[in-house]
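The values are calculated or read from the model by the stated rules, or taken from the named source; none is laboratory data. None of these values were measured; they are calculated from a predicted model. No Cβ is skipped: glycine too gets one built from the backbone with ideal geometry, and neighbour counts run over all protein chains shown.
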């Protein structure tokens with residue numbers, strides 16, 4: 001394994017840990033507690049932000065290591081990986097939606113729709129896992 005692939009795999013491993021933590025939060029917290037417990041909201045929101053940042057970072061590393069075209073914005077990372085057959089292009093659409101949520105978490109924290117945050121926790125976990133599987137398969141090549 002090249003040094004670049006090793007570094008990417010370390011980040012992918014961390015992403016896996018963050019996803020497992022998200023699964024624990026989902027199991028332990030539930031929507032009702034999430035909506036009423038500030039610490040639960042903070043933990044889940046931060047965890048989701050870290051997952052999305054890690055996904056973008058891993059994608060950027062793959063793009064750089066393989067001399068793919070450079071993204072103009074964060075979400076474009078997901079399109080570039082699809083264009084280069086890291087995963088099906090159709091999966092890029094799902095990633096764009098969840099990746100766009102990263103901007104909400106980072107920039108719109110004052111007016112954050114808490115139900116939307118929890119919805120992204122529930123809907124995001126399978127997407128996050130699928131992303132890591134595609135990336136791991138690519139790194140094995």
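Within the stretch 1-12, residues that are outside any helix (DSSP H, G or I) reach partners that are at pLDDT 85 or above with beta carbons closer than 9 Å, at six or more positions or on different chains, in the pairs 1/9; 1/139; 2/65. For the structure I just gave you, tell me whether residue 81 is out of contact with any strand residue (DSSP E or B) (no Cβ under 8 Å at 6 or more places or on another chain) and at pLDDT below 95. It is false that residue 81 is out of contact with any strand residue (DSSP E or B) (no Cβ under 8 Å at 6 or more places or on another chain) and at pLDDT below 95.
Scanning the stretch 117-128 for residues being surrounded by 12 or more Cβ atoms within 10 Å (Cβ to Cβ) and free of Cβ contacts under 8 Å to residues at least 60 places away in the same chain gives a total of 3.
For the subset of the stretch 28-46 comprising residues that are touching a residue at least 40 places away in the same chain (Cβ under 8 Å) and within 20 Å of residue 98 (Cα to Cα), which member is surrounded by the most Cβ atoms within 10 Å (Cβ to Cβ)?
Checked the stretch 28-46; the qualifying residue surrounded by the most Cβ atoms within 10 Å (Cβ to Cβ) is 44.
Filtering 84, 75 for residues that are more than 16 Å from residue 113 (Cα to Cα), surrounded by fewer than 17 Cβ atoms within 10 Å (Cβ to Cβ) and in contact (Cβ under 8 Å) with a residue 12 or more places away in the chain leaves a single hit, 84. Scanning the stretch 36-75 for residues that are over 22 Å from residue 13 (Cα atoms) and in contact with a helix residue (DSSP H, G or I) (Cβ under 9 Å, 6 or more places away or on another chain) yields 37, 40, 41, 68, 69, 70, 71.
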